Amino acid sequence: GENVEQHPSTLSVQEGDSAVIKCTYSDSASNYFPWYKQELGKGPQLIIDIRSNVGEKKDQRIAVTLNKTAKHFSLHITETQPEDSAVYFCAAAGSARQLTFGSGTQLTVLP
Amino acid sequence: DTAVSQTPKYLVTQMGNDKSIKCEQNLGHDTMYWYKQDSKKFLKIMFSYNNKELIINETVPNRFSPKSPDKAHLNLHINSLELGDSAVYFCASSQGQVQPQHFGDGTRLSIL
């Protein structure tokens with residue numbers, strides 16, 4: 001089955017700096033890669049997603065890049081703000097047509 | 001206005017009891033899911049239903065039984081609760097498989 005690894009597990013940045021979270025996947029048939037943000041006491045919320053026919057996607061301060069050859073994808077957050085502090089999860093949907101999640105990254109943005 | 005709603009939000013009960021968690025979505029989606037998030041925040045799919053039919057059933061003990069009375073509802077019944085069942089359970093929905101999923105805010109189950 002699909003295996004998704006996510007790094008780092010914790011990340012602290014100064015407000016205004018950029019944050020990058022990286023994930024690798026194992027199933028070469030995976031074709032859908034969403035990113036979720038989870039705040040304390042809440043459910044995961046989709047923030048951006050990308051499909052395998054696209055190499056990069058941007059939405060304001062958030063961007064995701066995908067390298068199918070290397071089987072890795074990354075989340076980039078620019079001009080971080082304290083409200084960006086949360087746990088971020090990557091996920092991949094492969095041949096099993098279900099989401100396999102990474103282990104999460106606790107992002108802390110220091111004011 | 002809540003898109004995916006779960007009840008109850010908190011569930012504290014004793015080992016050996018039977019309990020149910022309810023989920024409803026008002027997004028008109030045809031696919032619903034149950035996930036388990038453990039104490040280390042790891043999220044794992046348990047079940048998925050598409051148009052009321054079970055399509056994904058991961059390796060989950062038989063004590064867990066989902067039921068989908070209609071496309072908008074997916075309930076989870078758990079028999080003979082064990083200490084290891086303590087976790088946060090999330091319901092989610094999407095329009096089709098391999099599509100953006102919308103999550104509820106979870107049910108925190110604590111077994112005494």
Problem set entry | Qualifying residue in segment B:72-84 (condition: touching an Asp or Glu at 6+ places or on another chain (Cβ under 6 Å) and within 14 Å of another protein chain (Cβ to nearest Cβ)) | no
For this session: Taking A:T108 as meeting all but one of (1) surrounded by fewer than 17 Cβ atoms within 10 Å (Cβ to Cβ); (2) in a loop (DSSP other than H, G, I, E, B), write down the number of the exception.
Result: (2)
Problem set entry | So A:S103, is it among the hydroxyl-bearing types (S, T, Y) and either under 22 Å from B:V98 (Cβ atoms) or free of Cβ contacts under 8 Å to residues at least 12 places away in the same chain (or both) | yes
For this session: Quick one: in segment B:98-109, of everything that is surrounded by 18 or more Cβ atoms within 10 Å (Cβ to Cβ) and farther than 15 Å from A:L46 by Cβ, which residue is nearest to the other protein chains (Cβ to nearest Cβ)?
Result: B:G106
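Among the residues of segment B:65-74, which ones are over 10 Å from B:M32 (Cβ atoms) and either touching a Lys or Arg at 6+ places or on another chain (Cβ under 9 Å) or among the charged types (D, E, K, R) (or both)?
Residues of segment B:65-74 that are over 10 Å from B:M32 (Cβ atoms), as a first pass: B:65, B:67, B:69-70.
Result: B:K67, B:P69, B:D70.
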For this session: Output yes when any residue across segment A:69-91 is touching a strand residue (DSSP E or B) at 6+ places or on another chain (Cβ under 9 Å), polar (S, T, N, Q) and closer than 22 Å to B:S94 by Cα, and no when none is.
Result: no
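Tally up the residues in segment B:46-61 that are of a type outside the set (G, A, S) and modelled with pLDDT of 85 or more, please. Can you show your working first?
Initial filter on segment B:46-61 (of a type outside the set (G, A, S)): B:46-47, B:49-61.
Filter once more, keeping what is modelled with pLDDT of 85 or more: B:46-47, B:49-51, B:53-54, B:60-61.
Of the residues in that region, 9 qualify.
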Seminar exercise, completed: Of the residues in segment A:16-49 that are basic (K, R) and under 12 Å from A:A91 (Cα atoms), the one that is nearest to the chain's Cα centre (by Cα) is A:K22
For this session: Output the residues belonging to segment B:23-54 that are free of Cβ contacts under 8 Å to residues at least 60 places away in the same chain and more than 30 Å from A:Q106 (Cβ to Cβ).
Result: B:E24, B:N26, B:Y49, B:N50, B:N51, B:K52, B:E53, B:L54
For this session: Check segment B:90-104 and report whether any residue there is farther than 25 Å from A:I48 by Cα and not in a loop (DSSP other than H, G, I, E, B).
Result: no
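With A:E39, A:E15 as the choices, which residue is in contact with a helix residue (DSSP H, G or I) (Cβ under 7 Å, 6 or more places away or on another chain) and either at negative phi or within 10 Å of chain B (Cβ to nearest Cβ) (or both)? Walk me through how you get there before you give the answer.
Details: A:E39 fails: in contact with a helix residue (DSSP H, G or I) (Cβ under 7 Å, 6 or more places away or on another chain).
Criteria check complete, one pass: A:E15.
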For this session: Return only the number of the condition from (1) in a loop (DSSP other than H, G, I, E, B); (2) within 24 Å of B:F42 (Cβ to Cβ) that A:E79 does not satisfy.
Result: (2)
For this session: Just one of (1) part of a strand (DSSP E or B); (2) away from every other protein chain (no Cβ under 13 Å); (3) free of Cβ contacts under 8 Å to residues at least 24 places away in the same chain trips up A:D49, so point out which.
Result: (2)
Problem set entry | Odd one out for A:S28, checked against (1) outside any loop (DSSP other than H, G, I, E, B); (2) more than 19 Å from B:M46 (Cα to Cα) | (1)
Exercise. Only one of (1) under 29 Å from B:C23 (Cβ atoms); (2) within 14 Å of the chain's Cα centre (by Cα); (3) loosely packed, with under 13 Cβ neighbours inside 10 Å is not met by A:V64, so which one is it?
Worked result: (3)
Exercise. Within the bounds of segment A:90-100, is there any residue that is hydroxyl-bearing (S, T, Y) and either in contact (Cβ under 8 Å) with a residue 60 or more places away in the chain or crowded, with 17+ Cβ neighbours inside 10 Å (or both)?
Worked result: yes
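The values are calculated or read from the model by the stated rules, or taken from the named source; none is laboratory data. Since this is a predicted model, take the numbers as computed values, not measurements. We place every Cβ from the backbone using ideal geometry, glycine too, and count neighbours over all the protein chains shown.
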